[in-house]
Amino acid sequence: MKITCFITGKERNDTPEERVRQEVLKKLHYEDQKEPFSPNTISGKALDKYYLKPLGLTRDDVWITDIIKCRYPKEEPLDIYHNKVKFNKEIQETAEKCCELWLVEEIKQAKPKVIVTLSDKEVYQRLRRVYKLKTPVKIEDAVGKSHNVTVAGHSTILFPMIHPDISRPEGDGDNRKLKARRKWSVFHEKEYIPNLKSYLLAYSIGK
């Protein structure tokens, strides 16, 4: 017996494990999406405080989107949120397809002058791979700098930045991701944000 993969459309062996996998993929696509970086979350508050405010912007001035168009389900029998390692393969496969199918359509319609990515190295590498970007291989060499790119025929500027959660200096809120915050937050404040601000001002964005 064969079943059709929800993501790829290819046939796969019909096993109990594969049925669960397909349910995970569907869940990742169909769960209701809330506002990315919701203002009442730690990451959302960091976005407002360490990105938008120093750039002289509000949420009304920017377009915020996500690669995966859902929230991970937190309830059994498919508690993906608390089992991301277990379902990592499905999550990554879904993210790749979301980039190929939906994110690219958003970019086509929005035609942004500047795209600022708020991510870790894994997401940065995925965008390079899916869109065949000619940007530095290492995120350390790309973050906080402008890069000319073309996505789906649309020429724009890519400005890779760190995830808002990592932009928080030590002492702000909880101790989550503290090691990474110690490494990146100072660069974010002293170098990356000023670079981004000067670039946006050149496009009359921010103040």
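The values are calculated or read from the model by the stated rules, or taken from the named source; none is laboratory data. Here the structure is a predicted model, which means the values were calculated and not measured. Glycine gets a Cβ as well: all are built from the backbone with ideal geometry, and neighbour counts include every protein chain shown.
Before moving on, here are some points about what is shown:
- Scope the stretch 115-151; condition among the β-branched types (Val, Ile, Thr) and within 15 Å of the chain's Cα centre (by Cα); matching residues: Ile115, Val116, Thr117, Val123, Val130, Ile139, Val143
- Residue count, the stretch 113-146 (criterion: in contact with a strand residue (DSSP E or B) (Cβ under 6 Å, 6 or more places away or on another chain) and farther than 12 Å from Phe159 by Cα): 2
- If you go through the stretch 173-207 and keep only what is at pLDDT 90 or above and among the acidic types (Asp, Glu), you end up with Glu189, Glu191.
- Some residue of the stretch 28-49 being within 30 Å of Glu191 (Cβ to Cβ), at pLDDT 85 or above, hydroxyl-bearing (Ser, Thr, Tyr) and exposed (fewer than 12 other Cβ atoms within 10 Å of the Cβ): no
- Failed condition for Arg71, given (1) part of a helix (DSSP H, G or I); (2) modelled with pLDDT under 85: (1)
- The stretch 39-64 residues that are under 16 Å from Pro169 (Cα atoms) and touching a residue at least 12 places away in the same chain (Cβ under 8 Å), paired with ones that are assigned to a helix (DSSP H, G or I) and of a type outside the set (A, V, I, L, M) (beta carbon under 6 Å, 6 or more apart): Ser43/Pro164; Ser43/Asp165; Ala46/Pro164; Ala46/Asp165; Ala46/Ser167; Leu47/Pro164; Tyr50/Ser167
- Leading residue by the ranking (modelled with the lowest pLDDT) among those in the stretch 1-27 that are touching a Cys at 6+ places or on another chain (Cβ under 9 Å) and farther than 16 Å from Asp79 by Cα: Glu18
- Any hit, the stretch 83-104, residues being over 27 Å from Leu201 (Cα atoms), touching a residue at least 12 places away in the same chain (Cβ under 8 Å) and not in a helix (DSSP H, G or I): yes
- Whichever residue in the stretch 154-184 is crowded, with 19+ Cβ neighbours inside 10 Å, without any contact (Cβ under 8 Å) to a residue 60 or more places away in the chain and not charged (D, E, K, R) and, among such residues, is nearest to Asp120 (Cα to Cα): Ile162
- Among residues of the stretch 186-207, those that are in contact (Cβ under 8 Å) with a residue 60 or more places away in the chain, surrounded by 15 or more Cβ atoms within 10 Å (Cβ to Cβ) and under 14 Å from Ile166 (Cα atoms), counted: 2
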